[in-house]
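Student: Please find one structure pasted underneath; my questions will follow.
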Amino acid sequence: MSRVIVSPSILSADFANLERDIKLVENAGADWIHVDVMDGHFVPNITIGVPVVASIKKITSLPLDVHLMIDNPEKYINAFAQAGADIITFHYEAVNDVDRVIDLIKSCNVKAGMSINPKTEPKLVIPFLKKLDLLLVMTVEPGFGGQKFMPDCADKIPLIKKNAGENLIIQVDGGINAETARICTDFGANSLVAGNYIYKSNNKKEAILSLR
Ligand code: DX5
Ligand code: ZN
């Protein structure tokens, strides 16, 4: 399998020093920058939106992996694409017409990702896998960084891998560290989001290497 894509989540960064903290992970070998957008409705927390993505775009050349934990994501896809998102991931649970949202993301020339919450059965997303660029399996309830990895969620990966095309990126997000990363990559995940594990580490290069 090709190299695992590591996408540090800036939710664990210092928002007063976002440029510094993005450069830190960029210099430590990060592949993407994971941006968690929360609306206080789909999840019980509020984070950042379009203007912050536009500002980040100016200070990094790494692809921006934008994770929308919001209701009605279709309303904001164009704005996030304009702001410089390279991958836009919405939640299966947040939309009525999955095909329409995937088509909308693709029409903006952005990679299309879809995420499933811990309680969502993986068989529900099988019909969409061939159309998606990325499927994100949440390994915690979305909303907050620093939560404990839920091993049952990783058990969904083999079914997704079995039904996916060769090019689907299977990403996991929530409670990822060197140990839980291995569980996920052994099952077939090839992209890892990590917030606390990378940002709380004194040696970010080693932390990123330990995930691969
Ligand atoms: C949680 C977010 C994650 C979060 C991960 O809702 O989607 O991206 O930042 O944080 P850690 O790696 O600390 O669990
Ligand atoms: Zn995320």
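Student: Once you order the gyration tensor axes a ≥ b ≥ c over the Cα atoms, which shape class does the stretch 52-113 get: rounded for a/c under 1.5, otherwise prolate or oblate by comparing a/b with b/c?
Tutor: Prolate.
Student: Counting only helical runs of four or more DSSP H residues, what would the 222 nm mean residue ellipticity of the chain come to if each run contributes -39,500 (n - 2.57) and the total is spread over all its residues?
Tutor: -8500 deg cm²/dmol
Student: Which whole-number value in Å² is the accessible area per residue of the chain, probe 1.4 Å?
Tutor: On a per-residue basis, 45 Å².
Student: Of the cross-linked pairs 23/130; 57/205; 131/204; 106/161; 58/156, which ones have a Cα-Cα span greater than 26 Å in the structure shown? Please list the in-between numbers first.
Tutor: Working: 23/130 34 Å; 57/205 22 Å; 131/204 34 Å; 106/161 22 Å; 58/156 36 Å.
Violating the 26 Å limit, Cα to Cα: 23/130; 131/204; 58/156.
Student: How many percent of the accessible area of the stretch 49-105 is carbon or sulfur, using a 1.4 Å probe? Please list the in-between numbers first.
Tutor: On the way: 1130 of 2370 Å².
Ligands and nucleic acids excluded, carbon and sulfur reach 48 percent.
Student: If you add up the charges near residue 65, with Lys and Arg at +1 and Asp and Glu at -1, over every other residue whose beta carbon is less than 15 angstrom from its beta carbon, what do you get?
Tutor: Around residue 65, the charge tally is -4.
Student: Quickly rank 138-144, 170-176, 33-39, 21-27 as a protection proxy: mean count of other C-beta atoms within 10 Å, highest first.
Tutor: 170-176, 33-39, 138-144, 21-27
Student: In the stretch 151-212, what percent of the accessible surface is made up of carbon and sulfur (1.4 Å probe, ligands and nucleic acids excluded)?
Tutor: 46
Student: Once the piece of chain linking residue 23 and residue 100 is laid out straight, how much longer is it, given 0.36 nm per residue of separation minus the C-alpha distance between them?
Tutor: Length difference between fully extended and current span is 24.2 nm.
Student: How much of the calculated P(r) for the chain lies past 30 Å, in percent of all Cα pairs?
Tutor: Cα-Cα pairs in the chain separated by more than 30 Å: 13 percent.
Student: What number comes out for the charge environment of residue 109, summing +1 per Lys or Arg and -1 per Asp or Glu over other residues with Cβ under 15 Å away?
Tutor: Around residue 109, the charge tally is 0.
The values are calculated or read from the model by the stated rules, or taken from the named source; none is laboratory data. None of these values were measured; they are calculated from a predicted model. Cβ atoms come from the backbone with ideal geometry, glycine included; neighbour counts cover every protein chain shown. Please note that ligands, DNA and RNA were not included when accessible areas were found on the heavy atoms of the full protein model with its side chains. Shrake-Rupley method; radii C 1.70, N 1.55, O 1.52, S 1.80 Å.
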